[in-house]
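The values are calculated or read from the model by the stated rules, or taken from the named source; none is laboratory data. Please read these numbers as outputs of a predicted model, since none were measured by experiment. Here Cβ is always computed from backbone atoms with ideal geometry, including for glycine, and neighbour counts include all displayed protein chains. Areas reflect the complete protein model, heavy atoms only, side chains present, ligands, DNA and RNA absent. Shrake-Rupley method; radii C 1.70, N 1.55, O 1.52, S 1.80 Å.
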Amino acid sequence: MGSLGAVMKHPDDLFPLVKLKMAMRHAEKQIPPQPHWCFCYTMLQKVSRSFALVIQQLDTDLRNAVCIFYLVLRALDTVEDDTSVATDVKVPILIAFHRHVYDRDWHFSCGTKEYKILMDQFHHVSTAFLELGRNYQEAIEDITKRMGAGMAKFICKEVETIDDYDEYCHYVAGLVGLGLSKLFHASGSEDLAPDHLSNSMGLFLQKTNIIRDYLEDINEIPKSRMFWPRQIWSKYVDKLEDLKYEENSVKAVQCLNDMVTNALLHAEDCLKYMSALRDLSIFRFCAIPQVMAIGTLALCYNNIEVFRGVVKMRRGLTAKVIDRTKTMADVYGSFFDFSCMIKSKVDQNDPNAAKTLSRLEAIQKTCRESGLLSKRKLYVLPNKASYSSTIILILLIFLPIIFAYLSANRRNNELF
């Protein structure tokens, strides 16, 4: 639930953290009893606790389809990511993966830790997939086929240009956006969103992850994974791995800011996509990761720590995003506030400062023109409210009592 020091520094994180813990426990209790579904939802919590929590927003049928869609693509991604698998073995598997989902006997041992378990016991995922409605199956098969072909293409091709970068991100994430839009439409809850907006939803998340994960990817053993486009990084260093060396810190940060500025191109499309959603559960499912993405970009921008370790939102702020992202006003407010945070960090001497400020102004203009900023919940930017250490300690002492009460109250509600 976060360290005591973090709670002392951000005392208003406390209640959202309690609610998040309760929600996670509730999600664990919702795991179906059937062995294959139990495996799928348990595995989902292991490979992505945040996604396992957000997916609980959805109705049962759609939730099952999205769960399987996610695990199938995670398995596909595990094959692509495993640098120990020879290319001549990997490429045929990627290309044929959409057919393997129909085969209860298929599995392929690769990956590590929970991902190896997913691959070794993939028959559970296939069994669950075969129980989905045909419209869901067709959508998942189509996206898996297209993604596998795209991944296979980039196994043998480096990301040279920004167009290559956009194409790669389309294959590994933009198609996820298209697939989710198809699943939402198949459920009867939403109109089919335009492809370019669905694609931007995926690209915004993927580019954020690629930026944040630079150090992990470049240090991958036995072979580095390099997704930053040469067209961008070659303006600053001779080799991509040079960005992690201390003597290149100034150039590294400038390159990082260039990458963040590129990712911000997709923000307005994301806002347009989310504003068109009608179903509240689908809206929250889509909106929470997007708010997390722009929050992560705000932390990464102009931050040398991206090249030194892990940069991510503190757990308390994550809990607030999950708890308080309920309406489009909340989304506009978060995008506006996080863009203000980035704007405050822009160095006028940065070579991309004018371009970055232009992108931020476009995002803020969209948020202002929505007319909903006055209705947002302000929690992104620090406020001037302060809490004494005594009050915080009292809250922490009573926290177990509050937690026990909420647990009992939930059990009582489940009885009626």
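Numbers below:
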{"read-out": "Among (1) touching a residue at least 24 places away in the same chain (Cβ under 8 Å); (2) open to solvent by 10 Å² or more (accessible area, probe 1.4 Å); (3) touching a helix residue (DSSP H, G or I) at 6+ places or on another chain (Cβ under 6 Å), the one test that T208 misses", "value": "(2)"}
{"read-out": "Test: L299 is under 17 Å from the mean Cα position of the chain (by Cα) and either more than 30 Å from E190 (Cβ to Cβ) or small (G, A, S) (or both)", "value": "yes"}
{"read-out": "Residue within the range 216-224 that is within 18 Å of the chain's Cα centre (by Cα) and either part of a helix (DSSP H, G or I) or crowded, with 22+ Cβ neighbours inside 10 Å (or both) present", "value": "yes"}
{"read-out": "Among the candidates I117, I162, I143, residue that is in the same structural domain as Y41 (by the TED database) and surrounded by fewer than 21 Cβ atoms within 10 Å (Cβ to Cβ)", "value": "I117"}
{"read-out": "In the range 318-350, residue surrounded by the fewest Cβ atoms within 10 Å (Cβ to Cβ) [restricted to those that are over 18 Å from F283 (Cα atoms) and of a type in the set (G, A, S)]", "value": "S344"}
{"read-out": "Tally of residues being in a helix (DSSP H, G or I), surrounded by fewer than 19 Cβ atoms within 10 Å (Cβ to Cβ) and free of Cβ contacts under 8 Å to residues at least 60 places away in the same chain across the range 281-317", "value": "2"}
{"read-out": "All positions within the range 44-95 that are touching a residue at least 60 places away in the same chain (Cβ under 8 Å), hydroxyl-bearing (S, T, Y) and either farther than 21 Å from K157 by Cα or not assigned by the TED database to the domain that holds C110 (or both)", "value": "S50"}
{"read-out": "In the range 146-159, residue nearest to D279 (Cα to Cα) [restricted to those that are open to solvent by 10 Å² or more (accessible area, probe 1.4 Å) and of a type outside the set (A, V, I, L, M, F, W, C)]", "value": "R146"}
{"read-out": "Some residue of the range 260-281 being assigned by the TED database to the domain that holds A193, under 28 Å from D12 (Cα atoms) and in contact with a Leu (Cβ under 8 Å, 6 or more places away or on another chain)", "value": "yes"}
{"read-out": "Selected residue [surrounded by fewer than 18 Cβ atoms within 10 Å (Cβ to Cβ), in a loop (DSSP other than H, G, I, E, B) and modelled with pLDDT of 95 or more] from D242, D238", "value": "D238"}
{"read-out": "Any hit, the range 340-350, residues being among the aliphatic types (A, V, I, L, M), at negative phi and under 17 Å from the mean Cα position of the chain (by Cα)", "value": "no"}
{"read-out": "Residues of the range 185-205 that turn out to be more than 18 Å from D269 (Cα to Cα) and touching a residue at least 12 places away in the same chain (Cβ under 8 Å), as a count", "value": "3"}
{"read-out": "Unmet criterion (only one of (1) outside the structural domain of D242 (by the TED database); (2) of a type in the set (A, V, I, L, M); (3) surrounded by fewer than 21 Cβ atoms within 10 Å (Cβ to Cβ)) for V101", "value": "(3)"}
